[in-house]
Amino acid sequence: MLYSAYEMAYAAVAPARIAAGFGARFWRSPLNPASDTLVGRSAAAAFDVMENMMRRYPKPPWGIDETLVNGEAVPVEIEAVLKKPFCTLTHFKRDEATLRKAKGSGESDPKVLIVAPLSGHYATLLRGTVEAMLPGHEVYITEWADARDVPISMGRFDLNDYVDYLIEFLQEIGPRAHGMAVCQPGPALLAAASIMAEDKDPARPASITIMGSPIDTRRSPTVPNLLSQERPYEWFQRNMIYTVPMPYAGAMRRVYPGFVQLYSFLSMNSDRHLNAHHEYFNHLVEGDGDSAEKHREFYDEYLSVLDMTEEFYLQTIREVFQEHTLADGKFMHRGRRVKPEAIADIALMTVEGENDDISGIGQTQAAHDLCTNIPLELKIDYVQPKVGHYGVFNGSRWRKEIQPKVAKFIRTHDVAARDASQTLAAE
């Protein structure tokens with residue numbers, strides 16, 4: 001009922017939203033003699049804020065057309081490599097001829113699969129992550145589908161399916177690529193790497209980098225971690241799951257709606273968001289177009305959300321946040337126990353933010369304790385000072401301090417993996 005009520009409310013405010021849009025354009029029109037007065041700018045700003053608060057935010061575009069390699073612009077084509085019902089493997093394909101010219105050689109760059117979180121936002125939230133990795137890497141990313149757009153005939157999608165997708169994507173990319181999990185998918189990537197290592201899969205990754213991830217949420221628990229512990233599993237079943245209404249393609253599918261997740265995001269820092277919108281209003285009145293545009297760009301991304309399937313959301317709550325099955329060596333995948341100790345030749349890097357209020361210090365580091373057979377020379381743990389959760393994978397410190405360390409780690413072990421493969425082939 002809540003989902004239907006939400007849709008009815010959205011439809012009910014449509015006339016006001018349209019009117020606010022017309023009002024903003026009226027007061028900004030150069031034909032309006034009052035457009036450049038304080039009254040005109042204030043009215044236009046008020047209507048603009050009102051319209052933005054009532055509209056729906058679609059999936060943002062990537063907006064990545066090129067990347068700079070040694071100061072030269074290299075065109076980038078975004079292509080879908082493999083489409084699955086609940087995810088698309090996307091490749092940021094750099095123009096080969098221009099890339100060779102910019103690099104001065106034909107040497108190939110490491111292939112990296114960035115595993116975007118399936119936790120309410122679209123993969124475009126990692127735009128800054130992708131942009132920083134593109135100059136020196138062949139970048140792929142998981143673009144998770146909005147569950148409300150997936151017909152119920154496509155079947156279920158749970159945490160085990162998520163792991164299967166990652167294995168299939170790594171196999172599609174090719175032998176000894178590198179995996180990089182940002183936030184929520186850390187346990188899934190670690191599970192996929194464990195299974196591939198145990199199976200001696202030739203496509204197992206050469207390295208995995210896990211960033212700000214809930215490998216073991218009992219370490220330095222944060223507010224979201226404590227909430228998931230305080231509430232019983234049945235509470236999440238009763239209060240967080242709703243049925244997708246018509247006319248969506250996924251009608252009748254049971255989901256954790258994106259708008260419910262968004263409310264949780266906003267309520268955690270409500271004062272900050274209210275202040276941001278007040279500042280946005282002032283920027284519009286003052287004619288500070290650059291600051292207003294930055295606000296719009298951030299909230300166009302932040303307010304665009306997707307639904308998750310019931311089974312994926314609830315299984316993640318139980319396995320990762322309540323029972324800690326991977327951390328305790330009890331996580332089962334398709335009838336077999338996942339064994340991080342099976343990993344012996346996959347390098348492991350963990351990255352955490354000193355001020356992370358989503359995944360506390362130690363939660364990501366726990367991966368090292370689970371992977372007992374990875375040699376010490378293949379392990380790196382890094383804690384970035386003065387950054388929160390978002391700063392681990394985006395922003396100036398990500399670009400200037402974290403990403404160079406990740407890139408060095410990947411390239412070091414990409415060379416090692418290539419040398420090992422050549423030795424094996426010679427034998």
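The values are calculated or read from the model by the stated rules, or taken from the named source; none is laboratory data. The structure displayed is predicted, hence computed values, not measured ones. Neighbour counts run over all protein chains shown; Cβ positions are idealised from the backbone, glycine included.
Numbers below:
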item: Criterion (assigned by TED's automatic domain parsing to the domain that holds Tyr390 and buried (at least 17 other Cβ atoms within 10 Å of the Cβ)) met by exactly one of Tyr280, Tyr313; result: Tyr313
item: Glu77 being within 26 Å of Pro175 (Cβ to Cβ), touching a residue at least 12 places away in the same chain (Cβ under 8 Å), loosely packed, with under 14 Cβ neighbours inside 10 Å and of a type in the set (D, E, K, R); result: yes
item: Residues (modelled with pLDDT of 95 or more and not hydrophobic (A, V, I, L, M, F, W, C)) located in segment 110-121; result: Pro110, Lys111, Pro117
item: Answer residue from segment 183-205, given it is among the aliphatic types (A, V, I, L, M) and free of Cβ contacts under 8 Å to residues at least 40 places away in the same chain and is surrounded by the most Cβ atoms within 10 Å (Cβ to Cβ) among those; result: Ala192
item: Scope segment 53-76; condition more than 30 Å from Arg148 (Cα to Cα) and assigned to a loop (DSSP other than H, G, I, E, B); matching residues; result: Asn70, Gly71
item: Any helices (runs of 4 or more DSSP H) falling wholly within segment 229-324 and containing at least 1 residues that are closer than 30 Å to Ala188 by Cα and out of contact with any Leu (no Cβ under 6 Å at 6 or more places or on another chain); result: 233-240, 258-268, 289-302, 310-316
item: Residue in segment 344-362 that is more than 24 Å from the chain's Cα centre (by Cα) and either modelled with pLDDT under 95 or not in a helix (DSSP H, G or I) (or both) present; result: yes
item: Looking only at segment 206-221, and only at residues there that are charged (D, E, K, R) and closer than 13 Å to Leu326 by Cα, the one that is surrounded by the fewest Cβ atoms within 10 Å (Cβ to Cβ); result: Arg218
item: Hits in segment 151-182 (condition: surrounded by fewer than 23 Cβ atoms within 10 Å (Cβ to Cβ) and assigned to a loop (DSSP other than H, G, I, E, B)); result: Pro151, Gly155, Arg156, Asp158, Gly174, Pro175
